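What follows is a single structure, written as C-alpha cells, with notes after it.
The values are calculated or read from the model by the stated rules, or taken from the named source; none is laboratory data. If you're wondering where the values come from, they're calculated on a predicted model, not measured in any experiment. Please note: Cβ atoms are built from the backbone with ideal geometry, for glycine as well, and neighbour counts cover all protein chains shown. Calculation scope for accessible area: heavy atoms of the full protein, side chains included, ligands and nucleic acids excluded. Shrake-Rupley method; radii C 1.70, N 1.55, O 1.52, S 1.80 Å.
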Amino acid sequence: MDAAKRGELALRDPADPARESGLIVLGMGKYGARELNYSSDIDLVVLFDEAVLPCRAADGPMALAARLTRSLVHLLEHPSREGYVFRVDLRLRPHLPGHPLVISAEAAELYYERHGQNWERAAFIKARAAAGDRVAGGRYLATLQPYVWRRSLDYAAIRDIHSIKRQINAHRGFGSIRVHGHDIKVGRGGIREIEFFAQTQQLILGGRDRRLRSPRTCETLAALAEGRWIEPRTAAELTEAYRLLRCLEHRLQMVADKQTQMLPAREQEFARFAAFAGFATPEALAERVLATLQTVERHYAALFEREPDLGAGGNLVFTGTGDDPGTLETLRSMGFTQPQQVAARIRAWHHGHIRATRSTRARELLTELTPRLLSLLTAQPDPDHAFRLFDEFVSALPAGVQLFSLLRANPKLLDLLADLMGAAPRLARHLASQSDLFEQLIQPDFFEPLPEPERLAEELASRLGDARDLQDTLDLAARWARGRQFQAGVQVLLGLAGAEEAAATLTAIAETVLRALLPRAEAWLVPQHGRVPGGSFVVLGLGKLGSRELTVGSDLDLVFVYDAPEGARSDGPKPLDAATWYGRLGNRLVAAITARTAGGQLYEIDTRLRPSGNVGPPACALANFARYQLETAEVWEQQALTRARVVAGDPELAARVEAAIAAAVRRPRELGPLAAAVRAMRERIWREHGKEDPWSLKHARGGLIDLEFSAQFLVLAHAHAVPALHRTATLAVFEAAGEAGLLEPSTAREAAAALRLLHALQAVLRLSTSDRFDPAAAPEGLRRALLAAARRALPDEPLPDFAALERRLVESEAAARQLFDQLCPPGGADERASWREA
C-alpha cells in the first residue's frame, strides 16, 4: 500500500467516510496530490462547517473543532512501540491574527478573498477533501475555484513565486549547484524548481485552460506541452528530472527512515548510497545528478531569471525634477526630435502622475521596460508620434502592475505594442481601456492560421464550463469573443491574414456565441414558463453576418422565426401563448448579447429587418414570415433577404425557413421597376451619407454600397432562372454572375477585385482610425499597413507604393460605379446628369 493511500485510510471514518461531521480536513501538498514520499509528513488544513458543528458543541464550534484537530494530530504523530503514523504540518492554514488552529469554512473563504497571496493560491492547486465531511469539503473547494484559477493571466504571480524560491536559497545557502551535500528538493536545480516551474504557469494560465488544473506535477508538464505553452522537449526533460530526483528522495529517506533530501557529503557514504540507488559507481550517480540539476536550473532560469538592461546602451535617467543632459543626448541619438518632451513625460510616469504608476511595483516594472520600449519606438517611421500615442495609452490604463508584468515576461508583446502605436492608433487606444486583450497575444496559436469553426465551438464550450451563473456566462463569453476578434484584427493588420479569411473567422465567432447562448436563453425561461410542446425556433443572420463579411466592431442583424402547433401554449407554472413565449426568447437572447459585463459587450444587435420593422413582433411565425416576404416586403427588404441565412436554432425548422427565403428571393420580377427601386434606395442613402472622398469606402460613389446593391440586384433579377446566383456572399454572386454569362468575365473579375480591395482597406481602417481617413496626415505605419493589405487582396497586381494604391482605389470605385450604372441606370435626365457629374 502506498504512503498516500495509507494516510488517507488513517484519516477517514471507517464506518461512514463521507458523513456530515462538520469537520473538513483538506489534504494539501504532496498528500493532496497523492505524491507522498517514503517518509513524508502530511500537510493539512482543517476547517469546520458552522451549519453542522454548533449542534455538537457546548463551548462554541471553534473550540470543539480545535479539540478535534489536536486529537487528530496527536493520534497521527504520537509514537508507540510500532512507531507513529505521520508527522502533521498545519502551517498552510489561513494566517489570521492570532493564527488559530482551525477556523470556519466561511471565515477561510473571506480570508482568501481579501488577503490570500499567490503562494496560497499555489498551495490550493493540490488541495482535496481528504477526510471528515468530504461533501462539505468539496463544496468549499468549489467556492475557491475563482480565487485559485483567475480568468485574467496573472503574470505578477511570477515575481511572488520566484521570491519564495530566492528566500529559500538565501536562507539555507542553496544558491549554487553541487552534488555532494546538495539538497535535491530545495537546492538549485531541485524538485522545488520543477514544481514552481509548473505551478507558476498553472496560476498564470489555468483560469483559461482547464487542462492545466491537475494537482500532479508530471501531468501538468504534459498538459503545458499539449497546450503548446512549453516545448515538448522541455516537458520531457523536466519530467525525467522530476522522476529521478523523486526516486533519489525516496532512497535517501529509506536509508535512515528520516525526512531528508540531502545527498551524502562524505565520499564513503555517497558511494554506499550510489550502490543503494542502483548506480554502478559513485561517479555515475554524480554525473547523472549534476546533468539533471543543470537541466532543471536552465529551464527554471528561462522562466524566472531575466534581468533587463536599464540603460539601452546609453544614459537614461528619469529621476529628479530636471532634465539630465546625458539622457537628452541619448534620446536625441536614438532618433527623437523632441527629447525634452519625451523625458518630461517619462518623469511624470515615474513620479506616479498617472494611475498606472501609482504603486511602487508598477514604477519598478516600467523602469525596466522603458529602455527597450524607447528603442522599439525609434524603429517606427515617426518616433515622436509613436511615443505620444504610447503616452496616451499608458495614461489611460486603470492600473499597471498586471500589464507591465505581462510585457516584462513576454518581450515580444512590447514589440507588437510599438508596432500598433505606429500603424493602428485606434486599436492602441482601445487596448488602453481593455488591456486584458493583451493576454490573447501570448496564446500559442495567436499568430498561427485563424481557427476553424469547430475549434471555436469547443473552445467556448470549455470556457463556459467555469460559469456559475448568468452573469458569469455572459462575462466569459464576452472575454472569449473579444480575444478571438482581437486575434483576427491584429492578423489583418500585420498581414498574416487576409480580409476574407478574417471576415469568415469573425462571422464564425458570432455564430458560435449565438449557438452557445440560445439554449441558455431558453433555459432562463423554463422555470417560470416551461417550454412550448412541438415548437421550434431559429435565428436568421442578415447583413454582414448573413454574407459572412463581418469586420471588427460590426453589429449583428438578426431576425427570429418560430413554428408551433396552432393554439400551442407553454407548459410551465405561468403558461404563455407561443407568440409571446418565442418573443420573450428573442428578447432574452438580445439582452444577453448586448449586456455590458466586466468582460465587455458581445455585440450591438439590430432587429429592424424583421417583418414590419420595429412595429412587428420580436419573433415571427414561419407562416407569417413566408407570406410577408412573398406578398408584402418592399424591394429594400427583399435586398436584405438576399443575404439572409439561418445561423442558430432547430435544424428541421432551419431547412423550412431556408426554403421560404429561397421561394421569396427566387421569384420572377420585372426588371425595370426593380432597377428603379434599387436605384432610388441607393440615391436616398447617398443623400444621407454620401461622400466624394474615395477613402469613404462604404458610401463613396462606387464604394461598398454600390457593389452590394449591384449583387443584390443580380440575385433578385435573375435567381429565378439561375438558382446558383442565390448566394449570401457578395463576392460569390459576382463569380456566379460571370460564370452564368450575366456579366462579362472581365466585368465580373473587376467587380470581385474592387470588392476584395475595399474589404481589405476597410478591415485595416476599422482597426486604425475612428475618424475620416486622411492619407496626407496618416501615420506612415498605417499607410504601410494599408498597402500591405491591398497587396494581399490583389496579389497579381503591381502596387509599388501608396500612390499606386490610391490610383487603384479610384479605378476600382469608377468600375463599381459603372457596373451599378449599367444594372440600375439613372431614371430622369436631371438624375442622370447629377450622377455622372458626381
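Things to note:
- Qualifying residue in region 227-250 (condition: in contact with a Phe, Trp or Tyr (Cβ under 6 Å, 6 or more places away or on another chain) and over 30 Å from Gly207 (Cα atoms)): yes
- Selection status of Ser770, in a loop (DSSP other than H, G, I, E, B), open to solvent by 10 Å² or more (accessible area, probe 1.4 Å) and either polar (S, T, N, Q) or modelled with pLDDT of 95 or more (or both): yes
- Residue within region 335-346 that is over 30 Å from Gln485 (Cβ atoms), assigned to a helix (DSSP H, G or I), open to solvent by 30 Å² or more (accessible area, probe 1.4 Å) and among the small types (Gly, Ala, Ser) present: yes
- Test: residue in region 522-533 that is more than 14 Å from Leu653 (Cβ to Cβ), at pLDDT 90 or above, assigned to a strand (DSSP E or B) and not hydroxyl-bearing (Ser, Thr, Tyr): no
Residue-wise test of (1) basic (Lys, Arg); (2) surrounded by fewer than 17 Cβ atoms within 10 Å (Cβ to Cβ).
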site	(1), (2)
Trp229	no, no
Arg233	yes, yes
Leu252	no, no
Thr260	no, yes
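- Within region 264-292, residues that are more than 17 Å from His250 (Cβ to Cβ) reach partners that are surrounded by 13 or more Cβ atoms within 10 Å (Cβ to Cβ) and among the aromatic types (Phe, Trp, Tyr) with beta carbons closer than 6 Å, at six or more positions or on different chains, in the pairs Pro282/Phe270.
- Single unsatisfied condition, Ser612 versus (1) polar (S, T, N, Q); (2) on the phi > 0 side of the Ramachandran plot; (3) under 28 Å from the mean Cα position of the chain (by Cα): (3)
- Just one residue in the set Ala312, Ala284, Ala280 is modelled with pLDDT of 90 or more, over 22 Å from Glu193 (Cα atoms) and either in contact with a Pro (Cβ under 9 Å, 6 or more places away or on another chain) or not in a helix (DSSP H, G or I) (or both); that residue is Ala280.
- None of Leu809, Leu823 is out of contact with any Pro (no Cβ under 6 Å at 6 or more places or on another chain), aliphatic (A, V, I, L, M) and surrounded by 18 or more Cβ atoms within 10 Å (Cβ to Cβ) except Leu823.
- Residues within region 574-610 that are open to solvent by less than 10 Å² (accessible area, probe 1.4 Å) and farther than 17 Å from Ala521 by Cα, tallied: 1
- Matching residues in region 315-333 - criterion: being buried (at least 19 other Cβ atoms within 10 Å of the Cβ) and at pLDDT 85 or above: Leu331
- Hits in region 206-222 (condition: open to solvent by 10 Å² or more (accessible area, probe 1.4 Å) and of a type in the set (A, V, I, L, M, F, W, C)): Cys218, Ala222
- Region 31-42 - residue that is modelled with pLDDT of 80 or more and open to solvent by 30 Å² or more (accessible area, probe 1.4 Å) and, of those, farthest from the chain's Cα centre (by Cα): Asp41
- Residue that is part of a helix (DSSP H, G or I) and open to solvent by 40 Å² or more (accessible area, probe 1.4 Å), where the choices are Arg727, Arg756: Arg756
- Going through (1) closer than 25 Å to Phe438 by Cβ; (2) of a type in the set (Lys, Arg); (3) surrounded by fewer than 19 Cβ atoms within 10 Å (Cβ to Cβ) one by one, Arg372 falls short only on (3).
- Residue within region 474-486 that is outside any helix (DSSP H, G or I), open to solvent by 20 Å² or more (accessible area, probe 1.4 Å), at pLDDT 80 or above and over 30 Å from His351 (Cα atoms) present: no
- Residue tally, condition open to solvent by less than 20 Å² (accessible area, probe 1.4 Å) and under 17 Å from Leu316 (Cβ atoms), over region 347-369: 6
- When residues in region 377-409 are screened for being under 21 Å from the mean Cα position of the chain (by Cα), free of Cβ contacts under 8 Å to residues at least 40 places away in the same chain and surrounded by fewer than 18 Cβ atoms within 10 Å (Cβ to Cβ), 0 of them pass.
- Residue in region 810-825 that is outside any helix (DSSP H, G or I) and either modelled with pLDDT under 95 or in contact with a helix residue (DSSP H, G or I) (Cβ under 8 Å, 6 or more places away or on another chain) (or both) present: yes
- Contact map, region 476-505: first residue closer than 24 Å to Asp209 by Cβ, second residue of a type in the set (Ser, Thr, Tyr) and at pLDDT 90 or above, Cβ cut-off under 7 Å, separation 6 or more or different chains; pairs are Ala488/Thr505.
- Matching entry among Leu110, Leu72, Leu68, Leu141 (being under 25 Å from Leu36 (Cα atoms), under 41 Å from the mean Cα position of the chain (by Cα) and open to solvent by 20 Å² or more (accessible area, probe 1.4 Å)): Leu141
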